[in-house]
Amino acid sequence: MAYTYGDIKMALEKAHIVPGDTVFLHSSLLDLGKLSDVAPQDAAGKVTDAILEYLGPEGTLVVPAFSWEYYRGHSYSVDDTPCEPDMGILNEYLRKRPGATRTLHPGQSLACIGRLAGQLASEDLDFASAWDKDGPIGVLEANNAKTIMLGPPKWGTCSIIHYVEEELSVPYRFWKTYTGQYKAPGRDGYETKTYTFFARQFEPFEWDTCMDPVGKLLEEENVLKHAVLGKGSLVAFSWKDMIPVLRAKLREDPYFVAVAKPGVPKAPHTPNVEVSIPAQVFKSWIKGMPKELKNELGLSPSGGVESILETRVKKILSEILNPVFVELTRYLLKK
């Protein structure tokens, strides 16, 4: 199903976006289908044109322009380092569009165009983390930003969630520092600079996140505005409505979007602990383990499955648990 230039503007209006708004855009143009009378390679430019025309001269359009090169130990240039390929074609298009600016964090930068573009990329902003309230994200919040997701909403890409995680110092993340070669916009040479990143914990096992519950929560709280666009959709929300809802949920349940991936610790150097855990919790941990790992640990079902399994797991846990795991276990038992 094709959609038109005019359909984009009508969808924006239906989703309660108004001229002059500050918009933080996540997009998957392939999921929208074909833009009528536009070659595929020109779709990113035309969609951007339609949004900017609708927002008008007082509006601002912002997209993620993330790059992991600095984190990989490579040099980073605000002007020249491209977005990661999975950012999408519209994001890289906007980064290179005449009149656009790029915020200064070498990892999670933003490409901006419109009234606030200069302020968002100003070197006067003093911040070490991309989601620091003293940085561009604070400017966006102060200007009542709204998030738009084009295509099906993919909550794993919804950047504002990380702002709330960082604000509340969620327990499954930690501060990681990166120092590397950095070239500021308009400069000829590189300098050594240090930035921080609120990364997921990897010890005693890897933490992951699943952001889909955020979408369900916002739907239940009537925060989301919907419009059909092409064969996909446009979903929007105001930060002033969304942030308090997510903030309250994460205060109530700090692990609301966290998923623990079971793993084998490197060494049993932590103190022994005594734990009492329901059988269903053992089952949920063990279910996700590869069969080979179960065999290696002696957890394959045989004979008196429940009692043998429980005894073996308790023995393993008493040898490898550290205080972080103990805290999580106690938290799970309260739920």
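Any read-out appearing in this document is the output of simple, stated calculations on the displayed coordinates, not a laboratory observation. All figures in this text were calculated on a predicted structure; none of them were measured in a lab. Cβ coordinates were reconstructed from backbone atoms using ideal geometry, including for glycine residues, and neighbour counts include every protein chain displayed.
Quick one: order Phe256, Phe197, Phe174 by neighbouring beta-carbon count within 10 Å, fewest to most.
Phe174, Phe256, Phe197
A Förster radius of 56 Å, combined with the Cβ-Cβ distance separating Glu13 from Glu203, puts the computed FRET efficiency at roughly 0.70.
Ranked by the mean number of other Cβ atoms within 10 Å per residue, highest first, peptides 110-118, 18-26 order as 110-118, 18-26. Count Lys and Arg as plus one, Asp and Glu as minus one, and take only other residues whose Cβ is under 12 Å from that of Met1; the net charge is then 0.
For Asp134 and Thr194 in the same chain, what is the full-extension length gain: residue separation times 0.36 nm, less their Cα-Cα distance, in nm?
Working it through step by step, the gained length comes to 20.0 nm.
Can you flag which of Lys154/Lys261; Lys14/Lys146; Lys9/Lys225 are past 19 Å Cα-Cα? Among Lys154/Lys261; Lys14/Lys146; Lys9/Lys225, the Cα-Cα distance tops 19 Å for Lys154/Lys261. With θ taken as phi - 60° and the Karplus curve 6.51 cos²θ - 1.76 cosθ + 1.60 applied, the whole-hertz 3J(HN,Hα) list for the range 136-146 is x, 5, x, 5, 4, 4, 5, 9, 6, 4, 10 Hz, x standing for glycine and proline.
For His226, put the label point 7 Å out on the Cα→Cβ axis and report which residues of the range 149-169 keep their amide N under 16 Å from it. Backbone N within reach: 149-155.
Summing charges over all other residues whose Cβ lies under 11 Å from the Cβ of Ala128, with Lys and Arg as +1 and Asp and Glu as -1, gives -2. The phi-based Karplus calculation (6.51 cos²θ - 1.76 cosθ + 1.60; θ = phi - 60°) puts the 3J(HN,Hα) values of the range 108-113 at 9, 7, 10, 9, 9, 8 Hz, whole numbers, x for Gly and Pro.
With the simple spin-label model, which puts each label point 7 Å out from Cα in the Cβ direction, the Asp37 to Ser169 separation comes to 5.7 nm.
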